[in-house]
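Every number in this text was worked out from the coordinates using simple rules, so none of it is lab data. This one's a predicted model, so the numbers in the text were calculated from it and none came from an experiment. Methodologically, a virtual Cβ is constructed for each residue, glycine included, from the backbone with ideal geometry; neighbour enumeration extends over all protein chains shown.
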Amino acid sequence: QKEVEQNSGPLSVPEGAIASLNCTYSDRGSQSFFWYRQYSGKSPELIMSIYSNGDKEDGRFTAQLNKASQYVSLLIRDSQPSDSATYLCAITGFQKLVFGTGTRLLVSP
Amino acid sequence: KAGVTQTPRYLIKTRGQQVTLSCSPISGHRSVSWYQQTPGQGLQFLFEYFSETQRNKGNFPGRFSGRQFSNSRSEMNVSTLELGDSALYLCASSLGEFTGRRKETQYFGPGTRLLVL
């Protein structure tokens, strides 16, 4: 079982729709969870960090964490073509950050 | 506040050579982590430095090494380059080190793209 799993996609949504990205992890002791966005040829940029169960909202983005079920998700409301990118989920293992392989999101006009 | 900077941005080397990459963290950040990103393997953790000490190391051969200076700047060295070392090398900085399984946000630099011929 991989430490962090994401569906590679692509996830295709029309402009204005809600995009839902999911990530599951295996280490029950993980305490820090991050979502990064990476455009092709660029480095990852932080979207959200979440440390406690529940929802955390920031603008059009909402991160949801459920430690009991070992998943973290990212919702993007009112998706824009500029949101088209690969979204990386990152989870803390012991003394390191473990990344999923990313979900490619395509938002069509 | 300036972000994480990495130099050089692009490098072309041949097999057997060695290479040194540099990373300057965000001002005030004391932790620097290095990652290798390839299309097949994704983002793989190389090592983390905090207060000039290597705190953790990923599953990479000894050809990959690093160090951190007193001003928190870090360098990564790869010796005896192989074709498979072609990748985007990313540096990320954060305020503090890992405490068990808790970590503050890491901010990435633009990366160094290394091509080994």
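For segment B:110-117, the Karplus equation 6.51 cos²θ - 1.76 cosθ + 1.60, evaluated at θ = phi - 60°, returns couplings of x, x, 10, 8, 10, 10, 10, 9 Hz by residue, with Gly and Pro reported as x.
A simple packing score, the average count of other Cβ atoms within 10 Å per residue, orders the peptides A:11-23, B:85-97 as B:85-97, A:11-23, with the highest score first. Within the straight-line cut-off of under 29 Å between alpha carbons, the lysines reachable from A:Lys42 are A:Lys2, A:Lys56, A:Lys96, B:Lys1, B:Lys13, B:Lys57, B:Lys103, sequence neighbours fewer than 8 places apart in one chain being disregarded. The string of couplings for segment A:60-74 from the Karplus curve (6.51, -1.76, 1.60, θ = phi - 60°) is 7, 9, 10, 9, 10, 10, 10, 5, 5, 8, 6, 9, 9, 10, 10 Hz, one whole number per residue in order, with x for Gly and Pro.
Just checking the output field for B:65-74: average partner chain Cβ neighbours within 10 Å of each residue's Cβ?
Details: counts 0, 0, 0, 0, 0, 0, 0, 0, 0, 0.
Per residue, the average neighbour count from other chains is 0.
Phi-derived couplings, Karplus 6.51 cos²θ - 1.76 cosθ + 1.60 at θ = phi - 60°, listed residue by residue for segment A:16-22: x, 7, 9, 9, 10, 10, 10 Hz, with x used for Gly and Pro. For B:Asn56, nonlocal amide neighbours, meaning residues 5 or more places apart or on other chains whose placed amide H falls under 5 Å from its own, are B:Glu48. Ellipsoid fit via the Cα gyration tensor, segment B:78-117: semi-axes of 28, 12, 7 Å, each the root of five times an eigenvalue, largest first. Taking amide hydrogens as placed 1.01 Å from N in the peptide plane, the amide H of A:Arg104 sits under 5 Å from those of A:Gly9, A:Leu11, A:Tyr87, each at least 5 positions away in sequence or on another chain.
Proximity of backbone amide H atoms, modeled 1.01 Å from N, is registered between A:Thr92 and A:Gln31, A:Ser32, A:Val98 at under 5 Å, excluding neighbours fewer than 5 places apart on the same chain.
Size of the dipole of the protein assembly as shown about the Cα centre, Lys and Arg at +1 and Asp and Glu at -1 on the beta carbon, nothing else charged, in debye to 20?
Numbers: 24 positive and 17 negative charges, 100 e Å.
With only Lys, Arg, Asp and Glu charged at Cβ, the dipole is about 480 debye.
Taken residue by residue and averaged, Cβ atoms of other chains lying within 10 Å of the Cβ of A:88-96 number 5.
If R0 is 22 Å, what FRET efficiency do you get for A:Lys42 and A:Ser108 from their C-beta distance, rounded to 0.05? FRET efficiency, A:Lys42 to A:Ser108: 0.55.
With contacts defined as alpha carbon pairs under 8 Å and 6 or more residues apart, what's the relative contact order of chain B in percent? Provide the component values of the computation, followed by the final result.
Details: 301 pairs, mean separation 41.8, N = 117.
RCO, chain B: 36 percent.
Ranked by the mean number of other Cβ atoms within 10 Å of their residues, highest first, the peptides A:84-95, A:67-78 fall in the order A:84-95, A:67-78.
Pull out a ≥ b ≥ c, the square roots of the eigenvalues of the alpha-carbon gyration tensor of segment B:7-48, then state rounded if a/c is under 1.5, prolate if not and a/b is larger than b/c, and oblate in the remaining case. Please report the intermediate quantities before stating the final value.
Numbers: a/c = 2.33, a/b = 1.38, b/c = 1.69.
Here segment B:7-48 falls in the oblate category.
Per-residue mean of foreign Cβ neighbours for B:53-64 is 1 (Cβ atoms of other chains, 10 Å radius).
Taking chain B as a Gaussian network, Cα atoms linked when under 10 Å apart, which of B:Leu21, B:Leu46, B:Leu81 shows the biggest mean-square fluctuation? Looking only at B:Leu21, B:Leu46, B:Leu81, the biggest GNM fluctuation is shown by B:Leu81. Computed over chain A, the P(r) curve from all C-alpha pair distances, binned at 10 Å from the origin, holds 16, 50, 29, 5, 0 percent per bin.
Could you compute the FRET efficiency for A:Ile18 and B:Ser22, with r as their C-beta to C-beta distance and R0 at 35 Å, rounded to 0.05? Walk me through the intermediate numbers first.
Numbers: r = 41 Å, r/R0 = 1.18.
Efficiency for this residue pair is about 0.25.
In percent, rounded to a whole number, the relative contact order of segment A:1-88 is 34, using alpha-carbon pairs under 8 Å and six or more apart.
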